[in-house]
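Report on the following structure.
The values are calculated or read from the model by the stated rules, or taken from the named source; none is laboratory data. What you are looking at is a predicted structure, and each value in this text was computed from that prediction instead of being measured. Glycine also receives a Cβ, built like all others from the backbone with ideal geometry; neighbour counts cover every protein chain displayed.
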């Protein structure tokens, strides 16, 4: 089984938040598993110094959240997708503390943890995650083979630097 990856080129992100909208629509605006934050400005203070960071589960190779969950609500599939089953979540928040990327949130209303499940319901049907499905205006969200994605990102960065 091939490994899936969802990679964001933060250097190319404009902060338009269409990924948040796509995610919200896919999940009926109940929860958005992606969140865009601003970083900057740096010491110079100029607008070009702003950076945007899409905060989303990294679907780690060895996710610390999996063993942290006493209910075994978080699993990692053979294809690399890390899934949190909200029906099994007890609300203990251990996974939030275990995640080094702040990729897991807590819904105070439901008293459940939630995270990006890489739209596995779409991936299982041969589709790509909603956020990567041509919503991103900057075309900085990639889905597929991790090695191929990194090659494509590096090629685009080289092209941007020559302009």
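Identify, please: which residue in the range 134-163 is out of contact with any helix residue (DSSP H, G or I) (no Cβ under 7 Å at 6 or more places or on another chain) and not in a helix (DSSP H, G or I) and is, among those, nearest to residue 8 (Cα to Cα)? So the residue we want is 140. Quick one: would you say residue 73 is in contact with a helix residue (DSSP H, G or I) (Cβ under 6 Å, 6 or more places away or on another chain) and at pLDDT 75 or above? Judged against the criteria, residue 73 is not a match. Among the residues of the range 90-106, the ones that are in a loop (DSSP other than H, G, I, E, B) and touching a residue at least 24 places away in the same chain (Cβ under 8 Å) come to 5 in all. Yes or no: residue 127 at pLDDT 90 or above and in a loop (DSSP other than H, G, I, E, B)? Considered against the rule, which asks whether it is at pLDDT 90 or above and in a loop (DSSP other than H, G, I, E, B), residue 127 comes out as yes. Output the residues belonging to the range 107-118 that are more than 10 Å from the chain's Cα centre (by Cα) and in a loop (DSSP other than H, G, I, E, B). The answer is 108, 109, 110, 111. Within the range 1-34, the residues that satisfy the criterion of being under 23 Å from residue 150 (Cα atoms), surrounded by fewer than 17 Cβ atoms within 10 Å (Cβ to Cβ) and at pLDDT below 80 are 1, 2. A count restricted to the range 105-123 and to residues that are farther than 12 Å from residue 27 by Cβ and surrounded by fewer than 17 Cβ atoms within 10 Å (Cβ to Cβ) stands at 6. In summary, residue 125 fulfils each of the numbered conditions (1) touching a strand residue (DSSP E or B) at 6+ places or on another chain (Cβ under 7 Å); (2) closer than 17 Å to residue 83 by Cα with the single exception of condition (1).
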